[in-house]
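What follows draws every value from the coordinates through simple rules; no lab data is involved. Computed from a predicted structure; not experimentally measured. Here the Cβ is made from the backbone with ideal geometry for all residues, glycine too, and neighbour counts use every protein chain on show.
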Amino acid sequence: MTSPLAPSDTNCAAPATTAADTVPSNDDPRTAAWIKLQDGNRRWARGSTDAVHARSPQRRADLVAGQTPFAMILSCADSRVPAELVFDQGLGDLFVVRTAGHAVDDTVLGSLEYAVAVLGVDLVLVLGHEGCGAVAATAAAVRGADAPGGYVRGIVERLSLHVGAAHHAGVHENLDLSRWHAGATADLLQQRSSVLREAVFHGQVAVRAATYELGSGLVVPVGTRPAAADTRAAGLVGTREEAPASPLVPTP
Ligand SMILES: [Zn+2]
């Protein structure tokens, strides 16, 4: 399945010199983490698994003393997108934060900074998905429908800037909106969190975005790039289609 959205980006300017100047090799932990997720997703898509031992009582016992997950996943809470299953990973492999529409708030950012600064994950992945109800509800509200009530409204409000920007750029189909939103959320994490920006700058962690296809079970990358050193001019509207993908997060 292809999308009219090319690898995306914000319109923030890149710092003059960053760790991203060096393209990581497959030996780089950031790249290895992404390859590990991709390999696991291919197993999931074809109905196989290598994670039996990683979900065993022995593994459970081994992890009582502590955890060293290699990646953090920020994904939608949708019951059809469980990160450990769709990436065929085991106990202790992934630090997972899930909210409806992977909406970002202070506790999400705090969890992100814990994963990066304390657990030392090699990769932060934002995972949207096909058929996202939170994205659909936000798109309807942006087009003028009544916003949901209660605290669901807060989710729509948090997604509305991304969805509104996508609409402004001519993106309207649900999966394309989810791809846009995933890329924009990866950018947003870097804009909001100085801990993440510093870790990216020093080559300690990579940030990626992707969407999950419900039918095929496949995860499709969305391009992002490291945050600008100066985020004052950063925005979420603009040249996502034209911007190059980062060498730090090459799109396979
Ligand atoms: Zn969703």
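For the reader, a short list of remarks on this structure follows.
- Under a 5 Å amide H cut-off, with hydrogens placed 1.01 Å from N, VAL207 pairs with VAL124 among residues at least 5 apart or on other chains.
- ³J(HN,Hα) computed for each position of the range 85-101 - Karplus, 6.51 cos²θ - 1.76 cosθ + 1.60, integer Hz, glycine/proline x: 6, 5, 10, 6, 10, x, 4, x, 7, 10, 9, 10, 10, 10, 9, 4, x
- Which of TRP180, TYR151, ALA166, positive extreme of dipole for the range 57-204 (C-beta unit charges): TYR151
- Hz values of 3J(HN,Hα) by residue in the range 169-184 - Karplus curve (6.51, -1.76, 1.60), Gly and Pro given as x: 8, x, 9, 9, 5, 4, 5, 5, 5, 5, 5, 4, 5, 5, x, 5
- Order of TYR212, TYR151 under a 10 Å beta carbon neighbour criterion, fewest first: TYR151, TYR212
- Close amide-amide hydrogen proximity is noted between GLY131 and LEU175, each under 5 Å apart and 5 or more residues distant or on a separate chain (H modeled in the peptide plane; Pro and chain starts excluded).
- Going from the fewest other Cβ atoms within 10 Å to the most, the residues ARG98, ARG208, ARG192, ARG80 appear in the order ARG80, ARG98, ARG192, ARG208.
- Among VAL207, VAL52, VAL97, a tally of other beta-carbon atoms within 10 Å of each Cβ gives an order, fewest to most, of VAL52, VAL97, VAL207.
- Karplus-based coupling profile of the range 124-141, in residue order and whole Hz: 10, 10, 8, 10, x, 7, 5, x, 6, x, 5, 5, 5, 5, 5, 4, 5, 5, with θ = phi - 60° in 6.51 cos²θ - 1.76 cosθ + 1.60 and x standing for Gly or Pro.
- Other residues within the sphere of radius under 9 Å centred on the Cβ of LEU175, judged by their own Cβ, net out at -3 (K and R +1, D and E -1).
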